[in-house]
Amino acid sequence: MDILANYGTIIILVAALFGFLMAIGIGANDVANAMGTSVGSKALTVKQAIFIAMIFEFAGAYLAGGEVTDTIKNGVIETSFYTSHPEVLIYGMMSALLAAGTWLLLASYMGWPVSTTHSIIGAIIGFACVSTGTEAVDWHSVQGIVGSWIITPFIAGLFAYGIFVSAQRLIFDTENPVANAKRFVPVYMFLTTMVIALVTIKKGLKHVGLHLTHGEAWIYSILFSTLVMIGGYLYIKRKFASQVEDHSFAGVESIFSILMVITACAMAFAHGSNDVANAIGPLSAVVATVHNMGELTAKSEIVWWILPLGGLGIVVGLATMGHKVMATIGTGITELTPSRGFAAQLATATTVVLASGTGLPISTTQTLVGAVLGVGFARGIAALNMGVVRNIVASWIITLPAGAVLAIVFFYAIQAAFGG
């Protein structure tokens, strides 16, 4: 306990730095994945995508980012093993943040779309195995998380397939696709807004002291989504008034480009709400343990500055290094148009929001790839670049052991630095 008493402030500052580094890695890699469909379909420029992500990623992280932190912090390892040596848990969480952040920055520099969730969980497992032993790892919890890595891409793929097929039948395969796009795209706007409004009202607004019942959340979400739908209908009707008799797909795609802006916002918010936990979960564990002078609590309040720190780091990472991974995901797997990108984005946002609401830390990367694959399958297997898909899957497999090995190295270094 002398270490916590003498070096508590230094430990928190160093942990905050490592957490910020991890958040930068999330921004450079996972957020680039999230915005890649918008850029790849040419619905948004890189600068526009970064601007949208900066606003909505930060909002998602700050308003709705606290739900999944306890799964990362307490679900992967049994913290009771560290009751008599809380400083070991602190060193471990710091090493996990540094290891995952280092790997993500390296992967982003190389243009590899990897999973931040894989990175941090692999790192936590790595330090736990060398500090206490394999019995410290909650393997049952890990099985559930690994299971989500298989299930969520599949669910996202099904959602994307269904959304894309519905757009084909309702709009593209009709006699007047532009007229039907004007009719049905506002409905898609309603569905997209519903996804984002529900999670914001039901979960996010708790942080600002507003608690609504289940029924009230649905009522407000429906009202807000209806307003967006009406506004979208009027905007599209006015902007594309001269294209009433236009039967070209180009006119339809230009209408879907408007929708892509809304889905990009939803995707950024959904990603911020879920993946910020990868950075702030271990950081909040360190801060809480230091503040409680070594007492390990089952659930601790998130200190006010941690969520903004995570949100800011994500924004910095996207703005400085996000373009490389954005190019990989946006153009590598399959050719994307605004309508295809919309289907992938809405499916991913829906899946991520559902997972965030249940507190399950899923991989946004794998969810998005699953959604893009779903769109590709809807067009036929030949539409997919299986070589790129294989490389992406290979990078996922490497990520878990890479995080573990780096965490072990950093754990011993940090322990030695504090005289442990």
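The values are calculated or read from the model by the stated rules, or taken from the named source; none is laboratory data. Just so we're clear, the structure is a prediction, and the values are computed from it rather than from any experiment. Cβ: placed from backbone, ideal geometry, glycine included. Neighbour counts: every protein chain shown. To get the accessible areas, we keep the full protein, side chains included, count just its heavy atoms, and leave off ligands, DNA and RNA. Shrake-Rupley method; radii C 1.70, N 1.55, O 1.52, S 1.80 Å.
How much area per residue is accessible in the chain when the probe is 1.4 Å and only protein heavy atoms are counted (Å²)?
Counting only protein heavy atoms, the per-residue value for the chain is 39 Å².
Straightening the chain between residue 135 and residue 239 buys 31.2 nm, computed as 0.36 nm per residue apart minus the Cα-Cα spacing. Given a 1.4 angstrom probe, I'd like the percentage of the accessible area of the chain that is carbon and sulfur, rounded to a whole number. Reported share for carbon and sulfur atoms: 69 percent.
Projecting the Cα atoms of 331, 409, 15 onto the dipole axis of the chain, where Lys and Arg carry +1 and Asp and Glu carry -1 at the beta carbon, places 331 farthest toward the positive end. For residue 78, put the label point 7 Å out on the Cα→Cβ axis and report which residues of the range 114-157 keep their amide N under 17 Å from it. 125-144, by backbone N distance to the label point.
What ranking, highest mean first, results for peptides 345-354, 92-101 when packing means the other Cβ atoms within 10 Å averaged over each residue?
On the way: 345-354: 28.1, 92-101: 30.2.
Result, highest mean first: 92-101, 345-354.
Computed about its Cα centre, the charge dipole of the chain is approximately 1120 debye, with only Lys, Arg, Asp and Glu carrying charge at their Cβ. Distance between the pseudo-spin-label points of residue 327 and residue 51 (7 Å out from Cα toward the beta carbon): 2.3 nm. Computed with a 1.4 Å probe over protein heavy atoms only, the accessible area of residue 260 comes to about 0 Å².
Mean residue ellipticity at 222 nm, helices only, the chain: -26000 deg cm²/dmol; runs of at least 4 DSSP H residues each add -39,500 (n - 2.57), and the sum is divided by the number of residues.
Judged by the ratio a/c of the largest to the smallest principal axis of the C-alpha gyration tensor, the range 362-420 counts as prolate, that ratio being 1.5 or greater while a/b is larger than b/c. With the simple model of a label 7 Å out from the Cα in the direction of the Cβ, residue 158 to residue 183 spans 2.9 nm. Amide H to amide H distances under 5 Å link residue 77 with 138, where only residues 5 or more positions off or on other chains count and H is placed in the peptide plane.
About the centre of its Cα atoms, the range 39-172 shows a dipole size close to 740 debye [charges on the beta carbon of Lys, Arg (+1) and Asp, Glu (-1) only; nearest 20 debye]. Rounded, prolate or oblate: pick one for the range 121-169, where a ≥ b ≥ c are the square roots of the eigenvalues of its C-alpha gyration tensor, a/c under 1.5 means rounded, and failing that, prolate if a/b is larger than b/c, else oblate. Taking the square roots of the gyration eigenvalues as a ≥ b ≥ c, the range 121-169 is prolate.
Between residue 10 and residue 250, the distance separating the two model label sites (each 7 Å from Cα on the Cα→Cβ line) works out to 6.6 nm.
Which of the following values of P(r) over Cα pairs in 20 Å bins from 0, in percent was calculated from the structure shown: [x] 29, 54, 16, 2; [y] 27, 57, 16, 1; [z] 24, 51, 23, 2? It is the value labelled [x].
Ranked by the mean number of other Cβ atoms within 10 Å of their residues, highest first, the peptides 33-41, 379-387 come out as 33-41, 379-387. You can think of it this way: the chain between residue 397 and residue 303 has 30.5 nm of extra reach, that is 0.36 nm per residue less the Cα-Cα gap. Note on residue 175 and residue 390: with the Förster distance fixed at 60 Å, the Cβ-Cβ geometry gives a FRET efficiency of about 0.90.
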